[in-house]
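Q: One structure, pasted below without further comment.
The values are calculated or read from the model by the stated rules, or taken from the named source; none is laboratory data. What you are looking at is a predicted structure, and each value in this text was computed from that prediction instead of being measured. We place every Cβ from the backbone using ideal geometry, glycine too, and count neighbours over all the protein chains shown.
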Amino acid sequence: MSKRNLGAYVSCAGGLQNILIRGDFLNINTVMTHPAPPQKWNSQPFKPETVQMYLDKKVKGTLVEKVYFHGIYLVNLANPDNQKFHLSKISLVNHMDLLNDINGDGVIFHTGTFKDQLTDEAGYERINYGINWIFENLKQQPTGKKFLLECAAGAGGKVVGDKFEELKIIFKALPKDIQSKVGFCLDTQHMFSSGYDIVNDLDGVVRQIEDILGLENVVAVHFNDSKTDFASNKDRHENLGVEGKIGEVAMKAFLNHPKLKHLDFMLETPSLDDKDGSKHQIELLKAWAE
């Protein structure tokens, strides 16, 4: 079997360097974390000592090869409120600067919602302006696709990105030099919940990914079963190996699809909150991978 990049969300409690320690404990080569509390604005840059302690630990050796950050939950690049819009941009600048400082692999985030915009067009223009502003204000530019738009579950009605076409609109409006740094993160639960039938028509969904997003632009996958039914538009993750609505057969098929298996797969399942639960989920993920 060729090498797979498989991992999970881990906490950075106690310092960013601890994501490497926790990744080693789980025996995984790929991790994702929230480098700042996800329910609060992070309007200040990360401290230099945060970076140095991480780099010092990495020099000592680790199994972890791929590191992703998840943006805070408050980000909405379509927000017409100027203060919250600016805080969204600054938060993503801080995440990207930290990622570049540690030579990480991607910042994954949800673009936002159009619920407070008069029109969808105004929302897309706002998002486009915001992404351009973010890249203009980075300390240094990333190498490769590291600014990753995540597909959404559609909860709330006007969430952006529950359809691949919406992500494509955002991507296509960006200048070519920024497009080269922007990619996509899939989420199995979000896709299933927003109406992509990965259970009965996986090949058809992969063709849509290929035709609309471009497989060359897809970098990572959040690998989660679903607590809710197909096309429910609800963001409710379920553990692997239980009675999830996607199920083991379909999850294995997605994980091992020949056009997807090269991607970086990361668990965000509920049991990751517990050490034993994390171990078990990782064991299943590895056992399922071909």
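Q: Restricting to the range 3-48, what's the tally of residues that are hydroxyl-bearing (S, T, Y) and free of Cβ contacts under 8 Å to residues at least 24 places away in the same chain?
A: Let us first name the residues in the range 3-48 that are hydroxyl-bearing (S, T, Y), namely 9, 11, 30, 33, 43.
Narrowing the set further to residues that are free of Cβ contacts under 8 Å to residues at least 24 places away in the same chain leaves 11.
Total satisfying the criteria: 1.
Q: Residues F265, F230: which one is in contact (Cβ under 8 Å) with a residue 24 or more places away in the chain, within 20 Å of D24 (Cα to Cα), in contact with a helix residue (DSSP H, G or I) (Cβ under 8 Å, 6 or more places away or on another chain) and not in a helix (DSSP H, G or I)?
A: On the way: F230 fails: within 20 Å of D24 (Cα to Cα).
The unique qualifying residue is F265.
Q: Quick test for you: out of I169, I108, I178, pick the one residue that is at pLDDT 95 or above and under 18 Å from N79 (Cβ atoms). Spell out the reasoning first.
A: On the way: I108 fails: under 18 Å from N79 (Cβ atoms); I178 fails: under 18 Å from N79 (Cβ atoms).
After ruling out the rest, the residue left standing is I169.
Q: Looking only at the range 46-65, filter to residues that are surrounded by fewer than 13 Cβ atoms within 10 Å (Cβ to Cβ) and charged (D, E, K, R); which one of those is nearest to G277 (Cα to Cα)?
A: K60
Q: What is the number of the single condition among (1) exposed (fewer than 14 other Cβ atoms within 10 Å of the Cβ); (2) among the hydroxyl-bearing types (S, T, Y); (3) closer than 19 Å to G123 by Cβ that S43 does not meet?
A: Every listed condition holds for S43 apart from (3).
Q: Here is a check on your reading of the model: is D162 buried (at least 21 other Cβ atoms within 10 Å of the Cβ) and of a type outside the set (S, T, N, Q)?
A: Details: buried (at least 21 other Cβ atoms within 10 Å of the Cβ): yes; of a type outside the set (S, T, N, Q): yes.
It is true that D162 is buried (at least 21 other Cβ atoms within 10 Å of the Cβ) and of a type outside the set (S, T, N, Q).
Q: Which is of a type in the set (V, I, T) and assigned to a helix (DSSP H, G or I), of V67, V93? Outline the logic, then answer.
A: Values: V67 fails: assigned to a helix (DSSP H, G or I).
Checking each option against the conditions leaves just V93.
Q: Let me ask something else. Being in contact with a Phe, Trp or Tyr (Cβ under 7 Å, 6 or more places away or on another chain), within 27 Å of I19 (Cα to Cα) and without any contact (Cβ under 8 Å) to a residue 40 or more places away in the chain narrows it down to one residue among L255, L260; which is it? Steps first, answer last, please.
A: Values: L260 fails: without any contact (Cβ under 8 Å) to a residue 40 or more places away in the chain.
From the options L255, L260, the qualifying one is L255.
Q: Another question about this same structure. Considering every residue within the range 196-203, establish whether at least one is in a loop (DSSP other than H, G, I, E, B), surrounded by fewer than 24 Cβ atoms within 10 Å (Cβ to Cβ), acidic (D, E) and within 16 Å of the chain's Cα centre (by Cα).
A: There is no residue in the range 196-203 that is in a loop (DSSP other than H, G, I, E, B), surrounded by fewer than 24 Cβ atoms within 10 Å (Cβ to Cβ), acidic (D, E) and within 16 Å of the chain's Cα centre (by Cα).
Q: In the list A122, A155, which residue meets the criterion of being of a type in the set (G, A, S), more than 16 Å from the chain's Cα centre (by Cα) and not in a helix (DSSP H, G or I)?
A: Details: A122 fails: not in a helix (DSSP H, G or I).
After ruling out the rest, the residue left standing is A155.
Q: Could you identify the single residue in V59, V51 that is touching a residue at least 12 places away in the same chain (Cβ under 8 Å) and not small (G, A, S)? Explain how you work it out, then say what you get.
A: Numbers: V59 fails: touching a residue at least 12 places away in the same chain (Cβ under 8 Å).
The conditions single out V51.
Q: Can L186 be described as within 24 Å of G7 (Cβ to Cβ), within 16 Å of the chain's Cα centre (by Cα) and touching a residue at least 60 places away in the same chain (Cβ under 8 Å)?
A: On the way: within 24 Å of G7 (Cβ to Cβ): yes; within 16 Å of the chain's Cα centre (by Cα): yes; touching a residue at least 60 places away in the same chain (Cβ under 8 Å): yes.
Judged against the criteria, L186 is a match.
Q: Regarding L98, is this residue within 25 Å of F223 (Cα to Cα), part of a helix (DSSP H, G or I) and touching a residue at least 40 places away in the same chain (Cβ under 8 Å)? Break it down stepwise before answering.
A: Working: within 25 Å of F223 (Cα to Cα): yes; part of a helix (DSSP H, G or I): yes; touching a residue at least 40 places away in the same chain (Cβ under 8 Å): yes.
Here the answer is yes, as L98 does meet what is asked.
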